[in-house]
1. For K77, K115, what ranking results if the residue with the fewest other Cβ atoms within 10 Å of its Cβ goes first?
2. Note the full-extension length gain between N168 and I192 as 0.36 nm times their separation in residues minus their Cα-Cα distance, in nm to one decimal.
3. What are the trypsin sites (Lys or Arg not before Pro) within segment 180-227 that DSSP puts in a loop, where the Cβ has at most 14 other Cβ atoms within 10 Å?
4. So the label point goes 7 Å from the Cα of N185 along Cα→C-beta, right? Which residues of segment 115-136 then have their backbone N under 16 Å from it?
5. 7 Å from Cα along Cα→Cβ at both I88 and A289: what's the point-to-point distance in nm?
6. Would you mind ranking S50, S302 by Cβ crowding within 10 Å, fewest neighbours first?
7. Report the gain in length on full extension from D44 to K328: 0.36 nm times residue separation, minus Cα-Cα distance, nm rounded to one decimal.
8. With a cap of 10 neighbouring Cβ atoms within 10 Å, and only residues DSSP puts in a loop, list the GluC sites (Glu not before Pro) found in segment 200-287.
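No lab work stands behind these numbers, since they all come straight from the coordinates. None of the values given here were measured: they were computed from a predicted structure. Cβ atoms come from the backbone with ideal geometry, glycine included; neighbour counts cover every protein chain shown.
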Amino acid sequence: MKKTSAILSILMCISFFVQAQDPHFSQFFASPLTLNPALTGKFDGTLRVSGNYRNQWPAFNNVYTTSTLSVDFDILKKNLPDYDTWGIGILALTDRAGGGVLTNNYIGLSTSYHKALDEDGFQQIGLGFQGTYGQKRLNTSKLVFEDQLTPFGFTGITQDVFNSDNLNINYMDLNAGILYTASTNESNNFYIGASMYHINRPKESFKGGTWNIASRTTISAGGYFPVSDILTLHTSGIYQMQNQSTETVIGGALAAALDEESDNPSNIYGGVWYRLNDAIIPYVGLEFAGMRIGATYDINTSSLKAGSQSLGGMEISVIYIKRPPGFKGIPCPKF
């Protein structure tokens, strides 16, 4: 059974490679620098650290696992007009498919500038750019081929020949985005943004092929607003298009305040998102001392649910925002 799972993982890995689609997160709202470069530095604080881990389709023996880590902050605050923000960020991402047969690693540098459109800074428009260095590696020593099957299992020697056990591709990438945010008071915020990744469509092929990474276009929107003295509703949605594939996710969560008077209030979250024609995504979260931890578990509803046992993927996110004592900022997108 382990060998069967390995072959299935490899076939999925190859399918992923041919389509050249990006890794994605159910908690897209908790991975700002993979969502839109214009979100760089756009938060209510002085420093933000974000981390994400996703195990896609665990029923298929860890066929895809993706991890990210990012840090962003604002700079030259005293030299900018009131309420304007210039953000800088660093992003690292690793994605493993087929048990490590195919590995993608990225490191990127982001910058964005947000311009206040009114005297209170409640309406802002921002533009962001991100440059990325990417590496894709195919480890052929982990591949298992049909001609290796013997009466004793997969113990034979394949006739397929590769010049190297590790085939590597290195490339530079360019991403950009725009973001509009608005608030009517200090307790709510709404945003809409658009971004494009792989603008330069870098070449991504082994063995002399001519494949390129397709550009990915993303439109995202959301907001939060109080619905009672202790409850706040957070909503968000995303539409993405890459190659012939599209993805639409919408949903929301209620946050219940535990100590709303604190500089770093504590909240508990509960909600659900829905990926159109694919999965229901329950969400729970906990926020305290400037840190928010979120967890989702995709419940697959597509035609794949028989094979995936309706288990689409487990995901964990952690975001820490540093707020010095007495810090007072303008409302910003929180998801």
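1. Numbers: K77 10, K115 15.
Listed from fewest to most nearby Cβ atoms, that is K77, K115.
2. That works out to 4.9 nm of additional length.
3. In loop regions of segment 180-227 (DSSP not H, G, I, E or B), the sparsely surrounded trypsin sites (Lys or Arg not before Pro) are K207.
4. 122, by backbone N distance to the label point.
5. Simple spin-label model gives 2.8 nm for this pair.
6. On the way: S50 23, S302 14.
The most exposed by this proxy come first: S302, S50.
7. Working: separation 284, 0.36 × 284 = 102.24 nm, distance 0.80 nm.
Separation in residues times 0.36 nm, less the Cα-Cα distance, equals 101.4 nm.
8. On the way: sites: E204, E247, E260, E261, E287; in loops: E204, E260, E261.
Filter output for segment 200-287: E261.
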